[in-house]
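Participant: Structure in structure tokens, see below.
Quick note: the coordinates plus some simple rules give every number you see, no bench work behind them. Just so we're clear, the structure is a prediction, and the values are computed from it rather than from any experiment. So basically every Cβ, Gly included, is an ideal-geometry build from the backbone, and we count neighbours across all protein chains shown.
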């Protein structure tokens, strides 16, 4: 019997595997990529939720170069399009972008390349479809895959809502019912359901992979002297690139000036800056090493720099999803990276005021309030931060060993009695109230709300007068983070006890709480970081790594492109470790594909050879 021919999707997957090595210089797929690509090559519509740094862009780039046709990538920011097109061209892939930042001649050149079917990928902002003729142009160019990057932008429950994304389902129809692939790093269940319903004309195949980023060290501190705390944190990352997020434009400039005054290469970035200066600051961060950008969230999705080694929040982020997205800009190359979030009660009060002052409907405000509670619970958690963070996305995990809590930097105590008081107050108020109201009850504070609901008559009123309201708010949030209490999404967020919480209430189990009640900022000297990405290199390899970085910077400046487009840090570390002496050995280095070997291989082999000669 003759052997059966492989399915077309199998042949295409083999082609993608070959292109992964030949073009990109990667030896194997990352976890989750292969099964998603198999679905794409089978013609299915796909929604893929994968953590930042997991290689989501390859999910549409590999099909684009492994089969005929044009892949249309919907991207929310011009800067992100520019960087991805630069990287693809560096790999020898025909790619272009249509956007308002291009000159007329450049857009005409890209349009001509589309018509002549010379492009494999074209990046387009959703707003561009308002211009006449674009759909017809893409159809003429052979468009056969619509890839939506940052797909959470379609969700009004998401943190980066873009109304222009709502028209993409209609665009897919106008393109002839084109196959659709949507990717994002941050989408909880309500957001995923909204994406699936508003974007896809038919039910997509949904892939949900772990939200875990194990290479990121997580730490949070109460504010004491924010600038001094930030400076101490950054001083442990000399010569490395990082981002400091601030809640206001004024603070970005103040903190950038303060950091510059003590010798850091710090620059501000916010939407109120002159556009030319803002663009220059972004280019400086992208192209050079050791630059710290102090920014508002305006410095966001457009950042695709893989070697960001740290992210610091000078103020409490907007939500737990925003926190995850923002720290996710560190360590995209998979190497160790560090995060620190500073927060205080004033931050919580400000975020809560933003929620209540907004024009959002009551249902949205309840969701936002619940998300804020989840974020502050993460700040005050007495257990592993990664466990708490992943639990917010519905994912169970074990203690990570790579956060400040796991490192033993928090003092804990047996909090059974305190937990029982909080849980009793929750039950006696039908679970309808948040931490502040419960704190008022326990401390015996007779507010208008307490009187209106007759909560001064319940047994727990005044039962916690030995502690402050701030301490009780902290204990409430710690119980939330420890999964002793939870909110019922199906019942307007009503608080209820979990099985573990009920065991504590009955006195059958204990619960560990933070001894300081989350009130005191931890000493700065206890802030420590994971070792540097190149920390395992020998002294000689460290010296070679520095020489390779210097050559990379020289090339990047000459070519006026980001340094990582030449080679990522991971590739340089591999070179410093392997010290290849010929082309064959250089091809074994991570990230060295055919185009980069031809363009840069000889140059970097010379650097390695000169370094070896100098060591003899």
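Participant: Once you have a ≥ b ≥ c as the square roots of the Cα gyration tensor eigenvalues for the range 216-359, tell me rounded if a/c is under 1.5, and otherwise prolate or oblate according to whether a/b is larger than b/c.
Facilitator: The shape class here is rounded.
Participant: Can I ask one more? Where in the range 259-294 does the label zone of residue 106 land, with the point 7 angstrom along Cα→C-beta and an amide N cut-off under 19 Å?
Facilitator: It comes to 275-288, nothing else.
Participant: What does the extension gain come out to for residue 499 and residue 579, with contour length at 0.36 nm per residue minus their alpha carbon separation?
Facilitator: Result for the pair: 23.2 nm of gain on full extension.
Participant: Let me ask something else. Please report the antiparallel percentage of DSSP beta bridges with both residues in the range 216-359, rounded to the nearest 5.
Facilitator: So the antiparallel bridges amount to about 0 percent of the total.
Participant: First measure r as the distance between the Cβ atoms of residue 510 and residue 465, then evaluate 1/(1 + (r/R0)^6) with R0 = 30 Å and state the FRET efficiency to the nearest 0.05.
Facilitator: Calculated value: 0.80.
Participant: What span do the alpha-carbon atoms of the range 8-208 cover on each of the three principal axes, reported in whole Å from largest to smallest?
Facilitator: Principal axes ranked by extent give 42, 40, 29 Å for the Cα atoms.
Participant: State the extension gain, in nm to one decimal, for the chain segment bounded by residue 345 and residue 274, taking 0.36 nm per residue of separation less the distance between their alpha-carbons.
Facilitator: 22.2 nm
Participant: Right, here's the next one. Compute the relative contact order of the chain as a whole-number percentage, counting only Cα pairs closer than 8 Å that sit 6 or more residues apart in sequence.
Facilitator: Across the chain, relative contact order equals 14 percent.
Participant: Where does the chain land at 222 nm, in deg cm²/dmol rounded to the nearest 500, when only DSSP H runs of n ≥ 4 count, each adding -39500 (n - 2.57), divided by all residues?
Facilitator: Rounded to the nearest 500, it is -13000 deg cm²/dmol.
Participant: How big is D for the range 539-615, in µm² s⁻¹ as a whole number, if Stokes-Einstein is applied with the Kirkwood radius of its Cα pairs at 37 °C and 0.692 mPa s?
Facilitator: In µm²/s, the coefficient rounds to 269.
Participant: If the viscosity is 1.002 mPa s and the temperature 20 °C, what Stokes-Einstein diffusion coefficient in µm²/s follows for the range 147-201 when Rh is the Kirkwood radius over Cα pairs?
Facilitator: It comes out at roughly 194 µm²/s.
Participant: Can you list the equivalent-ellipsoid semi-axes of the range 336-429, largest first and in whole Å, using the square root of 5 times each Cα gyration tensor eigenvalue?
Facilitator: Semi-axis lengths for the range 336-429 are 26, 20, 14 Å.
Participant: Report the per residue volume, in Å³, of the convex hull enclosing the C-alpha atoms of the range 282-403.
Facilitator: Convex hull of Cα atoms, per residue: 124 Å³.
Participant: Say R0 is 45 Å: what FRET efficiency, to the nearest 0.05, do residue 140 and residue 161 get from their beta-carbon distance?
Facilitator: 0.90
Participant: Using 7 Å Cα-to-Cβ label points, what is the residue 599/residue 14 separation (nm, one decimal)?
Facilitator: About 3.0 nm separates the two model spin labels.
Participant: Can you figure out the FRET efficiency of residue 607 with residue 28, using R₀ = 30 Å and their beta-carbon distance, to the nearest 0.05?
Facilitator: E(calc), rounded to 0.05, equals 0.65.
Participant: Let me ask something else. For residue 128 and residue 489 in one chain, what is 0.36 nm times their gap in residues minus the Cα-Cα distance, to one decimal in nm?
Facilitator: Taking 0.36 nm per residue and subtracting the Cα distance, the gain is 126.2 nm.
Participant: Counting DSSP beta bridges with both partners in the chain, what percentage is antiparallel, nearest 5?
Facilitator: 15
Participant: For the chain, place one equal point scatterer on every Cα, skip the solvent, and apply the Debye formula. What is log10 of I(q)/I(0) at q = 0.06 Å⁻¹?
Facilitator: Relative scattering, expressed as log10 I(q)/I(0), comes to -0.36.
Participant: Helix 275-287 versus the longest principal axis of the chain: what is the Cα-based angle in degrees, 0 to 90, to the nearest 10?
Facilitator: With both axes taken from Cα atoms, the answer is about 80 degrees.
Participant: Another question about this same structure. What relative contact order, as a whole-number percentage, does the range 247-343 give when Cα pairs under 8 Å and 6 or more residues apart are counted?
Facilitator: Relative contact order, the range 247-343: 26 percent.
Participant: Please grab the % of Cα pairs in the range 396-497 that end up more than 17 Å from each other.
Facilitator: Of all Cα-Cα pairs in the range 396-497, 54 percent lie more than 17 Å apart.
Participant: Turning to a different aspect of this structure: Starting from the Cα of residue 558, step 7 Å toward the Cβ, then list every residue of the range 80-98 with an amide N under 20 Å from that point.
Facilitator: 86-87, 89-92
Participant: Okay, next question. Mind ordering 88-95, 489-496, 52-59, 564-571 by average Cβ neighbours within 10 Å, highest first?
Facilitator: Per-residue mean Cβ counts within 10 Å order the peptides as 564-571, 52-59, 88-95, 489-496.
Participant: Taking the Cα atoms only, what angle lies between the long axis of helix 539-559 and the longest principal axis of the chain, rounded to 10 degrees?
Facilitator: Around 70 degrees separate the two axes.
Participant: Using only Cα atoms, find the angle between the long axis of helix 189-199 and the longest principal axis of the chain, and express it within 0 to 90 degrees, rounded to the nearest 10.
Facilitator: 40
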